[in-house]
2 protein chains.
Amino acid sequence: MFGEMANQFDQFVGITKALSDPTRVRMLLALRRRELCVCQITALFGLATSTVSKHLSVLQQAGLVQSRKTERWVYYRLSDKSAPVTVREALDWVSKSLARTDVAAADQKRLGQILKMEPSEICRRVCR
Amino acid sequence: MFGEMANQFDQFVGITKALSDPTRVRMLLALRRRELCVCQITALFGLATSTVSKHLSVLQQAGLVQSRKTERWVYYRLSDKSAPVTVREALDWVSKSLARTDVAAADQKRLGQILKMEPSEICRRVCR
DNA sequence: TCGCCATTTCGCCAAACATCGAAATGACTC
DNA sequence: GAGTCATTTCGATGTTTGGCGAAATGGCGA
């Protein structure tokens, strides 16, 4: 609400700060495939749920991802075409630069395994 | 100089880390105008010389700028077309997103004043 | 060789950050 | 309305980072 007052420069640095952590960049690459709920992302990266939630919050604050809540789960997805130009260019730059890297491929492979399970099953395994 | 064996992913995060500090982004915007020596950049931002040197080192490590030494001074400039694609796209993204912002305009205005002086004169004023 | 001087490196401090586990939140179910 | 469960927020901790001043570096001219 107050955060909306940031100027173009601060918005830009918010984006670059969000992109400056390797885990957050990997999250964006994973979300290229489809929207994911927090427990799926937690399973993918093997971090504490609170850590994953915090990372996603940073990405959302920067405008790079959006979220929707359904039943018990919160799903995050990459921001769509309604996002500011700078955000879209950032996402394009990430994809273009890293989509074909080993890191992205390995994450996608593990994500494939995770997507075979129902979110509820993942959470039974992962969340506490 | 660029002899690091980091993979594409690490190179990318190196770039985003370099871009995650507002001072470093402003330095890149200033260098769009022309190459600048350390003492000119120091005068422009009013920071300690050692701090400026460190920032420029981070930008150079990421491949975003290059340097040349002439007489007493080290000049830094934006990396040219021989730089990796990811670097060029990063620089383009910075320019496209921020070249017309108030911050960039104010820095350019002050830079105009600084460029009226000889580097040696600036150093006599600024260094120490 | 010696000293000068712009720059870099080093040592230190304070602020910011990634991470975790625990507690709080909030939505759905019974 | 109470309990359950995914997520968020909080609090603590170790690490990273930006900043400075002082010391080291390295090129140049005397």
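Numbers below:
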quantity: Difference of contour (0.36 nm per residue) and Cα-Cα distance, residue B:109 to residue B:54; calculated: 17.4 nm
quantity: Long-range tail of P(r) for chain A (Cα pairs > 25 Å, %); calculated: 23 percent
quantity: Contour minus Cα-Cα distance for residue A:117 and residue A:68 (0.36 nm per residue); calculated: 15.6 nm
quantity: Shielding of A:18-25 by partner chains, average beta-carbon count, 10 Å; calculated: 4
quantity: Intensity falloff of the protein assembly as shown expressed as log10 I(q)/I(0), Debye formula with alpha-carbon point scatterers, at q = 0.09, 0.12 Å⁻¹; calculated: -0.47, -0.76
quantity: Kirkwood hydrodynamic radius of the stretch A:1-76, from inverse mean 1/r over distinct Cα pairs, in Å; calculated: 13.0 Å
quantity: Residue A:102-residue A:77 FRET efficiency (beta carbon distance; Förster radius 30 Å; 0.05 resolution); calculated: 0.75
quantity: With DNA, RNA and ligands ignored, accessible area of residue B:32 (1.4 Å probe; Å², nearest 10); calculated: 120 Å²
quantity: Fully extended contour minus Cα-Cα distance, from residue A:85 to residue A:23, at 0.36 nm per residue; calculated: 20.0 nm
quantity: Lysine pair count for the stretch A:3-126 [Cα-Cα under 22 Å; pairs on different chains or 8 or more apart]; calculated: 8
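The values are calculated or read from the model by the stated rules, or taken from the named source; none is laboratory data. What you see is a predicted model; the values in this text were computed from it and never measured. Here the Cβ is made from the backbone with ideal geometry for all residues, glycine too, and neighbour counts use every protein chain on show. Ligands, DNA and RNA are stripped out before the accessible areas are found, and what is left, the full protein with its side chains, is counted by its heavy atoms. Shrake-Rupley method; radii C 1.70, N 1.55, O 1.52, S 1.80 Å.
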